[in-house]
Amino acid sequence: MKRWLLALPFLLLVLGLTPGALGAEDGQSAPGVTERSGEGIAADRQPERHGDANRAEEVAGRHQAEAGAEEADGSSEPVVELPNLLHILEVYFGGPSEREPNFVNYLASWSGPFFAVAILLLITTLLLRGAASRRMIPDRFQTAIEYVVGSFYEFMRGILGDHAKELAPFLGTLFLYIWLMNLAGLVPFLRAPTSAFETTLALALVVFVYVQVTGFRQLGVLGYLHHLAGSPQDVMGWCIVPLMLPLHIIGELAKPVSLSLRLFGNIMGEDALIAVFTWLGVLALSFIGSPVGLPLSFPFIFLGLLLSTIQALVFTLLSTIYFSQMLPHDEESGH
């Protein structure tokens, strides 16, 4: 029985049982799909059900004009996604308008950081409980965890050498955190924090700062500057330092941008694809008033599982390579 309860959220996603499908009322937007602006405020409230028709047209015209102005200014980029828990709370408990927001509106506008912190707390709780229950003779769960950690460490050691002992905990935590955030977008009423650019940019900046700090610690100030200059070894190398130094600086600054855009674009596209096909599945049976839709998004859920894992691995692997490029090689360190 408990296994069926755990599988219920994924069943709801496959069948298209979204809040829009279950509770669409009186001219609300298409079921199962929501458009969020850059500010994250929920869709406008509908006019009163028995209000004046002219007033309704006036309100609709004003909202369209405001939306057009936001798009012209580039401050709003609608993104199709399934509604999450905070969006549902905003629809039912939010302020009466965008100009009169309440706490629920502000909470929904920070949905990305909210779910990111929630996943971080979940990981911390599970790992602390797992570490507290370690045994001298490990059980199957502890054996599996130790095998995964050991395999990951050996993989990092093949790239970083002896430095893997220091960096493997950070890189392993980074992979686990990104992987779970990616998978959160496949769970109904949750949202993948990595589908927001601010989340992926923050992760990339953490990696960037850590790489630079590691370079200062391992190479020293002069060694770090020598690395940025292209590690010149002869007269010709020193002659092209004015060219190589700006190129290396631009390359270092481009790394966090590349990391963040790659992860953000892939996860946002994955969530949008699942949302669109979920909505199409609901729309296909809406003419008979069915509360569920065709499972058109079913194949894309498995694709999302694969893509989420690959993107977490790519982000971690590229971060590992950035560390490797910054760290001194064996011949430089005298070994």
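The values are calculated or read from the model by the stated rules, or taken from the named source; none is laboratory data. These numbers come from a predicted model, not from an experiment. FYI the Cβ positions are ideal-geometry reconstructions off the backbone, even for glycines, and counts take in every protein chain you see.
Below are the figures for this structure:
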item: Among residues of the stretch 128-169, those that are in a loop (DSSP other than H, G, I, E, B) and among the charged types (D, E, K, R), counted; result: 3
item: Test result for residue 200, more than 16 Å from residue 325 (Cβ to Cβ), touching a residue at least 12 places away in the same chain (Cβ under 8 Å) and among the polar types (S, T, N, Q); result: yes
item: Which listed residue is β-branched (Val, Ile, Thr) and either surrounded by fewer than 19 Cβ atoms within 10 Å (Cβ to Cβ) or outside any helix (DSSP H, G or I) (or both), from 200, 125, 194; result: 125
item: Count of residues meeting criterion [without any contact (Cβ under 8 Å) to a residue 40 or more places away in the chain, out of contact with any helix residue (DSSP H, G or I) (no Cβ under 6 Å at 6 or more places or on another chain) and more than 28 Å from residue 81 (Cβ to Cβ)] in the stretch 203-220; result: 4
item: Filtered residue count, the stretch 247-285, keeping only those that are farther than 16 Å from residue 300 by Cβ and crowded, with 20+ Cβ neighbours inside 10 Å; result: 5
item: Single residue of the stretch 228-272 satisfying the filter (touching a helix residue (DSSP H, G or I) at 6+ places or on another chain (Cβ under 7 Å) and small (Gly, Ala, Ser)) that is modelled with the lowest pLDDT; result: 230
item: The listed residue being under 26 Å from the mean Cα position of the chain (by Cα) and in the same structural domain as residue 177 (by TED's automatic domain parsing), out of 327, 253; result: 253
item: Filter pass, residue 272 being under 20 Å from the mean Cα position of the chain (by Cα), touching a residue at least 40 places away in the same chain (Cβ under 8 Å) and either closer than 30 Å to residue 217 by Cβ or not assigned by TED's automatic domain parsing to the domain that holds residue 152 (or both); result: no
item: Cross-chain or 6+ apart pairs with Cβ under 6 Å, the stretch 311-326 first and under 25 Å from residue 230 (Cα atoms), then at pLDDT below 95 and surrounded by fewer than 17 Cβ atoms within 10 Å (Cβ to Cβ); result: 320/159; 324/159
item: Top-ranked residue in the stretch 82-98 [being surrounded by 15 or more Cβ atoms within 10 Å (Cβ to Cβ) and small (Gly, Ala, Ser); ranked as farthest from residue 280 (Cα to Cα)]; result: 95
item: Selected residue (only one of 141, 103 is in the same structural domain as residue 181 (by TED's automatic domain parsing) and surrounded by 10 or more Cβ atoms within 10 Å (Cβ to Cβ)); result: 141
item: Count of residues meeting criterion [part of a loop (DSSP other than H, G, I, E, B) and of a type in the set (Gly, Ala, Ser)] in the stretch 220-236; result: 3
